Amino acid sequence: MRTVHRSAPPGAVAVIGAGWAGASAAHELRRLGRPVHVFESAPVIGGHSRSEVLRGVVYEPNGPHIFHTSNPEVARLVRQHGMTRSYRHQVLTEAYLHEDDETPHLLSWPPQVAELRELPVWPRVEAELARRPRTPSRANLEDYCISIMGRTLYEVFVRDYTEKQWGRKGAELSWEFAPGRLELREDGYRRLFRDTWEFFPSHGAAPVIESLLADVPVTVGARMGVTDLADLSRHYTAVVVTAPLDEFAGRPGELAWRGVRSESRYLPDYGTAATATPAYVVNRPSHRVPYTRTVETKHASGQHAQGTVVSHEYPGADSRHYPVPTPDRRYELRNEALKKDIRDLSLVPVHFCGRLATYSYINQDRAIEQGLACAREVAAGSAVTRPGASASP
Ligand SMILES: Cc1cc2nc3c(=O)[nH]c(=O)nc-3n(C[C@H](O)[C@H](O)[C@H](O)COP(=O)(O)OP(=O)(O)OC[C@H]3O[C@@H](n4cnc5c(N)ncnc54)[C@H](O)[C@@H]3O)c2cc1C
């Protein structure tokens, strides 16, 4: 894309990517009075959280996206753009408690002590819980989990799921993303999240992100990279990048990523309020099945539609969905080096926000926070002039 910048007004900012981070940055820049143009490589906006409709049923081609936040500004912003329907997310896990079990137990995720007490495995679990250290281990993901839930629960709920999801053993992953994601519930709280606000809009996230970008010019099908920076620098006073930096820098392979592939099927034989699976998200940790979870968005959207869509989520796809958090943080460090290299190639300031560009395992609310912060940083830091352009009035 090297031909779309000609009409950019003075002081304009280019935003690369139209997911939550790019959309929030662009929306905030507009609110602050800065002209902005968004470049999105996909044919549609919305990024990873985008929802779609299959034969009249709302579903999520990139996995389940529950919006939860404790940030009042983020909650206010998404509500203003249509994210108004409250939701309470609960997850189930299909757990094989013994290697030779033929049928799994359907248990809560995170594991609930009250449920576990009813199972034959409880005496072993209880003994392991009594031996837990006072403070959780920070050596790696496996040690962290065992130190908070004991080895048996780790093996039943987390070990195989982790190996399937990340393609690595728990001992090869950092403990850092586990707090808040992996826990043992002793207080009977059944919902997955503890945030103040939790939403699931009846049409999914796509219309909300589209609303954020309603007044912003967007060019779709525009894959941008470092080779575009010279041209961007001539037409924009700053660039906000939300794309993955190894790809943006033309150095694929420099960062490790894990991707998932969702296989979604429309099932016609379900009435307007009927669903096919026991919950919106059912984790399938066992190696006996190749996928990690099933997703049926109809549970969350509350949609009344003939039929339903069930997705199976397969790990190991060749796409950039999850950063890989190793204990030595080697890829986070490489990402910082990529930021510097990209900045060095640009004549105007380049800012980075969002899950991909910051190489961080963040949720939607955090992507929005980063987008807003990035926009304010741009507005505060960059003058409304650009090389060769006259200042705006
Ligand atoms: C399977 C899965 C499930 C998840 N579930 C939840 C959940 O339940 N709740 C939650 O809060 N979060 C969830 N998340 C996290 C959530 O998806 C992210 O936090 C959020 O989508 C990040 O938004 P973003 O704008 O940073 O990135 P993205 O949504 O990935 O947007 C980046 C955009 O940039 C575009 N792009 C990439 N490269 C280029 C380029 N070179 N040029 C132009 N455009 C480019 C992409 O096409 C994309 O549209 C989940 C993530 C995954 C992987």
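The table below gives the values:
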quantity	calculated
Distance between segment 184-223 and segment 90-133 - C-alpha centres, whole angstrom	31 Å
In range of the label at residue 190: residues from segment 105-132 whose backbone nitrogen is under 13 Å from the point 7 Å along Cα→Cβ	107-110, 112, 114-115
Along each principal axis, Cα extent of segment 291-351, largest first, Å	54, 31, 18
In sequence order, calculated HN-Hα J values of segment 229-242 (Karplus, 6.51, -1.76, 1.60; Hz; x Gly/Pro)	5, 4, 5, 4, 5, 6, 10, 10, 8, 7, 10, 10, 10, 10
In Hz, Karplus ³J(HN,Hα) per residue of segment 135-150 (6.51, -1.76, 1.60; θ = phi - 60°; x = Gly, Pro)	10, x, 5, 10, 6, 6, 4, 4, 5, 4, 5, 4, 6, 9, 10, x
Solvent exposure ordering (accessible area, 1.4 Å, most first) of 81, 89	81, 89
Segment 91-172: C-alpha gyration tensor shape, a/c 1.5 cut-off, then a/b vs b/c	oblate
Charge sum, other residues only, whose C-beta stays under 11 Å from residue 312's C-beta, Lys/Arg counted +1 and Asp/Glu -1	+1
Cleavage-rule hits, trypsin sites (Lys or Arg not before Pro), segment 217-263, DSSP coil, Cβ neighbours within 10 Å at most 14	223
Degrees, to the nearest 10: 330-344 long Cα axis against longest axis of the chain	10 degrees
Length-normalised contact order of segment 91-172 in % [C-alpha pairs under 8 Å, at least 6 apart]	23 percent
Other-chain or far-sequence residues with amide H under 5 Å of residue 67's (modelled H)	199
Alpha-carbon Rg with Dmax, taken over the chain, Å	22.6, 76
DSSP loop GluC sites (Glu not before Pro) with at most 13 other Cβ within 10 Å excluded, longest remaining stretch of the chain	187-393
Charge dipole of the chain about the Cα centre (unit charges at C-beta), most positive-ward option of 49, 272, 243	243
Value at 222 nm in deg cm²/dmol, rounded to 500, when DSSP H runs of n ≥ 4 in the chain each add -39,500 (n - 2.57)	-8000 deg cm²/dmol
Angle in degrees between helix 364-381 and the longest Cα principal axis of the chain, rounded to the nearest 10	20 degrees
HN-Hα J in Hz across segment 32-48 - Karplus 6.51, -1.76, 1.60, θ = phi - 60°, x for Gly and Pro	7, x, 9, x, 8, 9, 9, 10, 10, 6, 6, x, 10, 8, x, x, 5
Burial order of peptide ranges 105-111, 315-321, 349-355 (average beta-carbon count within 10 Å, highest first)	349-355, 105-111, 315-321
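The values are calculated or read from the model by the stated rules, or taken from the named source; none is laboratory data. These numbers were taken from a predicted model, which means no experiment stands behind them. For neighbour counting, all protein chains shown are included, and Cβ atoms are generated from backbone atoms with ideal geometry for every residue, glycine included. We work out accessible area using only protein heavy atoms, side chains counted, and drop any ligands, DNA or RNA first. Shrake-Rupley method; radii C 1.70, N 1.55, O 1.52, S 1.80 Å.
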